Number of protein chains: 2
Amino acid sequence: MTGSKAGPASGKRHTPCDKCPLRGMKAFRDFSARELEFVSQFKVGELSVERGATVLVEGTHSPHIYTVLSGLGFRYKLLSDGRRQIMNYAFPGDLVGLQGVLMGELDHSVEALTPITLCVFERSKLDRLFTRHASLAYDLTWIAAHEERVLDEHLLSIGRRSAVERTAYLLSYIHQRARAVGLVNAGRKAIPLTQQHLADTLGLSLVHTNKTIRKLADRNLVRWQDGGYEVLEADGLLKVSGWEGLKEAGRPFV
Amino acid sequence: MTGSKAGPASGKRHTPCDKCPLRGMKAFRDFSARELEFVSQFKVGELSVERGATVLVEGTHSPHIYTVLSGLGFRYKLLSDGRRQIMNYAFPGDLVGLQGVLMGELDHSVEALTPITLCVFERSKLDRLFTRHASLAYDLTWIAAHEERVLDEHLLSIGRRSAVERTAYLLSYIHQRARAVGLVNAGRKAIPLTQQHLADTLGLSLVHTNKTIRKLADRNLVRWQDGGYEVLEADGLLKVSGWEGLKEAGRPFV
DNA sequence: CGATGCCTTGAGTGAATTCAACGCTTGTGG
DNA sequence: CCACAAGCGTTGAATTCACTCAAGGCATCG
C-alpha cells in the first residue's frame, strides 16, 4: 500500500562506503581497510522513502538487509483489529531487517518518521561475511544482542514502570539516542514524533499519554513543540524515569 | 547471595557433547562432526543449581556463556524498589548470557525455576568460534535475532493486548515451548510456575493475574494444579490470545 | 501443630480508557 | 482569498479496568 511511495530516489547518486558520513562519528567503531572493502561491495544500493511511508512490511520475505544512512524510522507490530505496538526506533547507523533475512520472513513492519535513506545489502553475500569476515560477523551478533538489551529495558518499562516513569524513560531514551548521532544539538531541536507514536510505544492511550506528557512539561522537564518534543532538563527527566541511561561505546554498524 | 546455593553438583560427571540428549530432538538442527568437535572443547564444565537459586546476577561481568542442558529458568530485571519484570523463560537448548559476554556486563539476572543444569562455555574461545566456525557464528546470530523476535511479541502483548489476551498468550507461549522440548506430553504435565511469575511477566498484579487465570479456567482452557498449570485446550487458548503461535524449525543451539 | 508459601476472594480505591468536543494549524480546492 | 477538511494536541466527564488492602483457605514442612 504505502510501499508505492518508496524508491523514486534510489538509483541516483549513492554514498560510497568509504565516504560514509557515519564513519568518524565517535559513537561508532571504525573499519579496517579490508572490512571497508568488503562492506563496499556488500552494499548494492540505497533506498529512500518519505515520512509516513512503510519501508518494510510484516510477513514479507525480504532479500535485503538495511542500514539507516540518514533519517529516522520505527519498528512496529499490529494486532488484527489495528492496535499498534512500536517496538523501537531506528537511528542512523542502525541495522534493520536482520530478522527477516535470518529467519525467512519479517515479523514486524518499519515506517519512516522522517525522510529516510537506507543502505541496501545483499542477503546472498551474508555467507561470505560469516566465512571471511569474522569481525563483521561478531558485530552483527553484537548488534542483535544489543537490540535484545534495549528491548529488555522497554519491556521493564511497559511492564513495571508507572505512566510517568515510563514516559520519562522513553523521552530520555530517544533523546539520548538522537544526541549520540548528532540529531539534537544541545537539546535544542525537536524530535519529530506525534503523541500517538509515543502512546503506541508506551502501551498507553493517546489521551493518557497527552496528560502524562503535560505533567512532565509542567515540571519543565520537556516541551512539546513543532510536532515533536524538546528535552529541557535531561538529568531531571532521567531521574524521574529511574533509568540508568545508555552506556554505549564503540557501537559497531553494518 | 543466592549464588551460594550454586555449584555443588558441578565437577561431577559431565555429559559429553557427543552424547548430548538435546541432539536428535527434532526441534534442533544437527551438528557436523567438525562442529561437534569444536563445541566439545568449547564446553568447559557444567553448572547445576536448585529451584529458586540465582544463576546469573545483573551487573556481573561473566567470563562464561551457558546453554540450558536440562531444567527451566527465567530472565528478569528489577527496579530499585523491588518491582520485577520477567523478560523470558529459558528452556533446554536455550543460550543464556550472550549479552553479558559480548557487552561486558550482564543487564539482567537469571533464576532457576526447576533444578537446572547448564553447559558452561569459555568466553575466550568465542574468537575461535567466529574465525573458524562460521556456521556456529551464524547460529549465534540467529539465536540472538530469534530472541529479539520473541521479545517483540512479548512487548506487543504487554503493550497492547488486554489482560485476558495477554495471559492466554503467555500460557500458550510457555506451553508451546515446553512441548517443543518434550516437557509436557500431551498437555498432561503441569509447568512449575507460581502465579507471581506470570504476574511479573505479564505486567499485572498478582491478584489480577489470579482473577484473569480464573476466567480462562472457567472456560476450561487451562487448569491450575500442583503449583503450575496445565493446558486443556491449546487451540482455544491460542484463539483467545490472538497470537499465531511459534513457527520454528531447525532451531540451532550452542 | 504452628510456621510458611501460595492460591483465592471481596471490597474499596486509584489509574487509565473511552467518549466527546474544541482549538489550532496546514493544506486544498472553489 | 476564503471555505473547508484533515491532522494533531488538549481538556473534561463518565466508565472500566486494574491495583491495593485485607483476610481466609489449604497445602507442605519442620
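What are the equivalent ellipsoid semi-axes of the range A:2-134, built from the alpha-carbon gyration tensor (square roots of five times its eigenvalues), in whole angstrom, biggest first?
On the way: eigenvalues 128, 59, 38 Å².
Working through the eigenvalues yields semi-axes of 25, 17, 14 Å.
Remark: C-alpha extents of the range B:63-162 on the principal axes read 47, 28, 26 Å, sorted largest to smallest. Across identical copies of the chain, A:D81 has label-point separations of 3.1 nm, listed in ascending order, with the point defined 7 angstrom from Cα along Cα→Cβ. Computed over the range B:137-225, relative contact order equals 27 percent, with contacts defined as Cα pairs under 8 Å that lie 6+ residues apart.
Rounded to whole Å, the principal axis extents of the Cα atoms in the range B:175-226 read 31, 23, 18, largest first. Over the protein assembly as shown, the fraction of Cα-Cα pairs per 20 Å bin, rounded to whole percents and listed from the shortest bin up, is 22, 57, 21, 0. Stokes-Einstein diffusion of the range A:106-216 at 20 °C, 1.002 mPa s viscosity, Kirkwood radius from Cα pairs, rounded to a whole number: 129 µm²/s.
Once the convex hull of the C-alpha atoms of the range B:152-241 is built, how many Å³ does it hold per residue, rounded to a whole number?
Values: hull volume 7.7 nm³, N = 90.
Residue-normalised Cα hull volume stands at 85 Å³.
With the convex hull drawn around the C-alpha atoms of the range A:115-170, the volume per residue stands at 119 Å³.
May I ask you to give the average projected area over all directions of the convex hull of the Cα atoms of chain B, in nm² rounded to one decimal?
Details: hull surface 54.1 nm².
Directional mean of the projected Cα hull area for chain B stands at 13.5 nm².
Quick one: check the C-alpha center-to-center distance for the range B:138-168 versus the range B:105-132, whole angstrom. Comparing the Cα centres of the range B:138-168 and the range B:105-132, I get a distance of 21 Å. Here the range B:51-98 is treated as a sphere whose radius is the Kirkwood value from Cα pairs; by Stokes-Einstein at 4 °C and 1.567 mPa s it diffuses with a coefficient of 110 µm²/s. For the range A:11-56, the Cα gyration tensor yields ellipsoid semi-axes of 23, 14, 10 Å (square root of five times each eigenvalue, largest first, whole Å).
Placing a label point 7 Å from Cα along the Cα-to-Cβ axis, A:E248 is separated from the same position in the other copies by 3.1 nm, shortest listed first.
Between B:Y229 and B:I191, B:L193, the built amide H atoms are under 5 Å apart, and every one of these is 5 or more places off in sequence or on another chain. Between this copy and the others, label points of B:M25 are 4.1 nm apart in ascending order, each placed 7 angstrom from Cα in the Cβ direction. Mean-square fluctuations from a GNM of chain A, with a 10 angstrom spring cutoff on Cα atoms, peak among A:T209, A:T194, A:T54 at A:T194.
Here, each number is a calculation from the coordinates, and none is a lab measurement. Predicted model, so just to flag it, every value in this text is computed and none were measured. So basically every Cβ, Gly included, is an ideal-geometry build from the backbone, and we count neighbours across all protein chains shown.
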